[in-house]
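**Student:** One structure follows; several queries about it will come next.
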Amino acid sequence: MSTPNVEAVKLDELNCWRIRHGQAELLVAQQGAHILSYQVAGQPPLIWLNDEAVFKAGKSIRAGVPVCWPWFGNLARNPQSVQAMRISSEPAAPHGLVRAIDWELGGIEAEGESLKIEFLLPCPEGGLPGWPHKVDLKLSIRLDEQLHISLTSHNQGTDTVTISQALHSYFAVSDVRNVHVEGLDGLSYIETLDDWKTVTQSGDLHFTGETDRIYLDTPTQLSIVDPSWERRIELTSSGSRSAVIWNPWTERAAAFSDMADDGWQRMLCIETANVMGDVVALAPGASHTLGVSIGSKVL
Ligand SMILES: O=P(O)(O)OC[C@H]1O[C@@H](O)[C@H](O)[C@@H](O)[C@@H]1O
């Protein structure tokens, strides 16, 4: 294994690091502890760095792996126990409070054959804006033959805190219309585009239009099969029993100022999550780790 190679780079307003280790190359921003891209030599990227993503201070990035925390999506669609954690009359930002703020780089160090990168977000005194709880966050990234991401929440306060969360991974695909997702057959999902009805998945998931679904009681392994790129991306989750699968398709992508009109063809989000009945109640002193390992195999 070669020596880690770390280069500090600036993408517009954001401090980032380009890290090479073995066959892997990772680009990560300090803002949001946001993985921007991940590629293994000789393959197309696994994590998608949208060409038109915007790298501005305080603006969330539409690419890579945004961290959604301490709530996922629209707060009003979360269980009451998650909504009750927020004390504010201001509108709640979608996907929580940590994706557009700076985290601290804890360290980048070799650990045996792998390389570990750690980001910390100690909870400020009084909590985050409108969210008065004392929960420390740590995002650990480990590079070996795969990319391992884990997000640990540690309740340092004296009351139970309930959160929803997701590692909102944008995967790079040859063309979303020609890939499918395995591992979902027979699961229930919430079809957010049809009045949040609960539906049962039959067979593998193929993409023929805008998709925004919350899968429930998910297994630990899901995969994206991409015949044109002759590869299978494997996702192995831990601390999670729910996943969100999202592609904006034509009209929604065209409405985004930070995505090319045809950008939707090259991405597919599978978000390893704790949402709906899978939210996490952290007792005082308790920790929870949400994780995903990402690797690929030749088809
Ligand atoms: O535009 P945002 O806040 O990054 O969210 C993108 C998408 O994120 C997904 O997780 C949601 O399920 C979608 O409903 C949402 O549109």
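**Student:** Please work out which one of (1) without any contact (Cβ under 8 Å) to a residue 40 or more places away in the chain; (2) within 20 Å of residue 207 (Cα to Cα); (3) surrounded by fewer than 22 Cβ atoms within 10 Å (Cβ to Cβ) is the condition residue 241 fails and give its number.
**Tutor:** It fails just one condition, (2).
**Student:** Taking only segment 81-139 into account, find how many residues are within 16 Å of the ligand (Cβ to nearest atom) and open to solvent by 50 Å² or more (accessible area, probe 1.4 Å).
**Tutor:** The total comes to 3.
**Student:** Continuing with this model, one more query. Name the residues in segment 181-203 that are touching a residue at least 40 places away in the same chain (Cβ under 8 Å) and open to solvent by 30 Å² or more (accessible area, probe 1.4 Å), would you?
**Tutor:** Within segment 181-203, 182, 183, 196 meet the criteria.
**Student:** State yes or no: is residue 48 open to solvent by 10 Å² or more (accessible area, probe 1.4 Å), modelled with pLDDT of 95 or more and in contact with a strand residue (DSSP E or B) (Cβ under 7 Å, 6 or more places away or on another chain)?
**Tutor:** Yes, satisfied.
**Student:** Additional query: Tell me the strands (runs of 3 or more DSSP E) entirely within segment 101-160 that contain at least 2 residues that are closer than 22 Å to residue 233 by Cβ and at pLDDT 95 or above.
**Tutor:** Answer list for segment 101-160: 114-121, 135-143, 147-155.
**Student:** Going by the structure shown, is residue 16 out of contact with any helix residue (DSSP H, G or I) (no Cβ under 8 Å at 6 or more places or on another chain), open to solvent by less than 20 Å² (accessible area, probe 1.4 Å), more than 13 Å from the ligand (Cβ to nearest atom) and outside any loop (DSSP other than H, G, I, E, B)?
**Tutor:** yes
**Student:** Right, here's the next one. Grab the strands (runs of 3 or more DSSP E) fully contained in segment 168-267, keeping just those with 1 or more residues being within 13 Å of the ligand (Cβ to nearest atom) and among the polar types (S, T, N, Q).
**Tutor:** 211-216, 242-247
**Student:** Among the numbered conditions (1) in a loop (DSSP other than H, G, I, E, B); (2) within 18 Å of residue 151 (Cβ to Cβ); (3) without any contact (Cβ under 8 Å) to a residue 24 or more places away in the chain, tell me where residue 89 comes up short.
**Tutor:** Looking at each condition in turn, residue 89 falls short on (2).
**Student:** Continuing with this model, one more query. Quickly run through segment 31-45 and pick out the residues that are among the polar types (S, T, N, Q), over 13 Å from the mean Cα position of the chain (by Cα) and open to solvent by less than 40 Å² (accessible area, probe 1.4 Å).
**Tutor:** Across segment 31-45, the qualifying residue is only 31.
**Student:** Taking the condition of being over 17 Å from residue 215 (Cβ atoms) and surrounded by fewer than 18 Cβ atoms within 10 Å (Cβ to Cβ), how many residues in segment 265-287 meet it?
**Tutor:** Total satisfying the criteria: 6.
**Student:** Could you look through segment 248-264, keep only residues that are touching a helix residue (DSSP H, G or I) at 6+ places or on another chain (Cβ under 6 Å) and touching a residue at least 40 places away in the same chain (Cβ under 8 Å), and pick out the one that is surrounded by the fewest Cβ atoms within 10 Å (Cβ to Cβ)?
**Tutor:** Here the residue is 249.
The values are calculated or read from the model by the stated rules, or taken from the named source; none is laboratory data. Quantities reported herein were computed from a predicted structural model and do not represent experimental measurements. As a convention, Cβ positions derive from the backbone with ideal geometry for all residues, glycine included, and neighbour counts pool all protein chains shown. Please note that ligands, DNA and RNA were not included when accessible areas were found on the heavy atoms of the full protein model with its side chains. Shrake-Rupley method; radii C 1.70, N 1.55, O 1.52, S 1.80 Å.
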